[in-house]
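The values are calculated or read from the model by the stated rules, or taken from the named source; none is laboratory data. From a predicted model like this one, the values you see are computed outputs, not experimental measurements. Ideal geometry is used to build each Cβ from the backbone, glycine not excepted, and the neighbour counts take in all protein chains shown.
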Amino acid sequence: MRTHTTHHIPNPKVFKQQLLIWSQQFDEVVWLDSNDYDQKYASYDAVLAVDAFTVFQTDYYDAFNQFKEYQSSVDDWIFGYFSYDLKNDVEHLSSQNFDGLQFPELFFFQPKKLFFLKGDLLEVHYLNVVADDIDNDLKSISAETLFNNNTASLKGEQIKIKLRIHKDEYFEKVNTMLTHIHRGDIYEANFCQEFYAENTTLNPLETYDKLNAISKPPFATFFRVYDKYLLSASPERYIKKEGLKITSQPIKGTAKRSKNKEEDAKLRQQLSEDEKERSENVMIVDLVRNDLSKTATKGSVKVEELCKVYTFDQVHQMISTVTSKVNESTHPVDVIKTTFPMGSMTGAPKISAMKIIEDLEATKRGLYSGAVGYFSPNDDFDFNVVIRSILYNATNKYVSYSVGGAITAKSDPLKEYEECLVKAKAMREVLEN
């Protein structure tokens, strides 16, 4: 079904940029880049999937069952996303909040053309119907001229960022959430707010390039489906399946970076010892263990890393790694369905948290806090968490990014607000230039 060729790439860094520029001619594009971040669970350095041969998209109603049929019948690589609002398929919930982006709730495609880069080796997997294009495409990619990060200016007018929830209202809402916590309705909830711009035109590739250059995260994504774009600098893996092993890596706990080496080390140390941040993380680890146990073989759920601090260009993050084993008979889509949405973006207990979030947030989350990734022909998969991301609907000229934080009994509304601003910094810098 696919023709495979392998090529030696003399300069992978340059080739990655050329590949991404070349991809812009297609209506369906998924670019996944680990930015050479040192992580032991990575399969590839970068992946590009373009040009849909088949497409599956739907709203939340019976979404997972329908998608399961598609994934089983295609028996090939498929790339796409699950939006947060598929929670309404998994539980008896709804999403009534404002949605300026209008992305489909679930979208996957089977790409005609696929590229996998690992070190200086490039694997090309083309569907046989387009296999004759391989040589010409590789020549075209190598002929692409790069744009300079420093001189690239974002086209269009000055972008004016607005807040969907203003500061005083944010404090009120966090206090309402704290009331729920003190009453025992929930222990923790991830509360998000949207920053947006209307009547705005931007160059998606330049915007992504700038965002990625600032953050260099391990789960960067450029995603295009027709007139809709996701430009993501995500540091977080949601879930990965390799053989019968499942790995989930929730992030809870954030500290800013400092240019001063000693102060930066101190900030990192403080995060690793912060009781509130650790308790947030442990609560979500419990939730992830519980979610994974729904498909795990008996006694196979393990916490491989608890509250380990990882350093990124913009922030320090506290990450835990939870793993499990599944039976060969377990359908890969069921592993997603029973763990979705990811605990780090909901809270605990999960259903109560999602209900309270829906009441207090002002924007439908959509693809934000969903997941982008792929399924392989042998039923493996890998998905990120859509955070630290700019979303863009070119037809509606609507640009949006959301940030959130975990609210627990020890939360101080002002500190939570400041943490949101730290997380929003890269997106804001890129958009406001």
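So which of Phe107, Phe116 ends up being under 21 Å from Ile239 (Cβ atoms), modelled with pLDDT of 95 or more and surrounded by 22 or more Cβ atoms within 10 Å (Cβ to Cβ)? The conditions single out Phe107. Filtering region 372-424 to residues that are more than 20 Å from the chain's Cα centre (by Cα) and part of a strand (DSSP E or B) leaves Ile407, Thr408.
Highlighted here are the strands (runs of 3 or more DSSP E) found entirely within region 196-244 that include at least 3 residues which are of a type in the set (A, V, I, L, M) and within 19 Å of the chain's Cα centre (by Cα): 228-234.
Scanning region 96-145 for residues that are touching a helix residue (DSSP H, G or I) at 6+ places or on another chain (Cβ under 7 Å), farther than 30 Å from Ser73 by Cα and among the hydroxyl-bearing types (Ser, Thr, Tyr) turns up Ser140, Ser142. Scan region 182-195 for residues that are outside any loop (DSSP other than H, G, I, E, B) and either in contact with a Leu (Cβ under 9 Å, 6 or more places away or on another chain) or surrounded by 21 or more Cβ atoms within 10 Å (Cβ to Cβ) (or both) and the total you get is 8. Of all residues in region 224-242, those that are closer than 22 Å to Val55 by Cβ have Cβ atoms under 6 Å from Cβ atoms of residues that are surrounded by fewer than 22 Cβ atoms within 10 Å (Cβ to Cβ) and not aliphatic (A, V, I, L, M), 6 or more apart or on another chain, in Tyr226/Asp27; Asp227/Thr395; Lys228/Asn393; Tyr229/Pro204. Looking at region 259-305, which of its residues are of a type in the set (A, V, I, L, M), more than 17 Å from Gln249 (Cα to Cα) and either surrounded by fewer than 16 Cβ atoms within 10 Å (Cβ to Cβ) or touching a Phe, Trp or Tyr at 6+ places or on another chain (Cβ under 8 Å) (or both)? If the condition is that a residue be of a type in the set (A, V, I, L, M), more than 17 Å from Gln249 (Cα to Cα) and either surrounded by fewer than 16 Cβ atoms within 10 Å (Cβ to Cβ) or touching a Phe, Trp or Tyr at 6+ places or on another chain (Cβ under 8 Å) (or both), then Ala265 is the only one that fits.
Out of Lys266, Lys276, one residue alone is in contact with a Ser or Thr (Cβ under 7 Å, 6 or more places away or on another chain), more than 28 Å from Ser95 (Cβ to Cβ) and part of a helix (DSSP H, G or I). It is Lys276.
Look at region 60-87: where a residue is over 24 Å from Arg237 (Cβ atoms) and touching a residue at least 40 places away in the same chain (Cβ under 8 Å) and a partner is in a loop (DSSP other than H, G, I, E, B) and of a type outside the set (Lys, Arg), sitting 6+ places away or on another chain with Cβ atoms under 7 Å, you get Asp75/Pro377.
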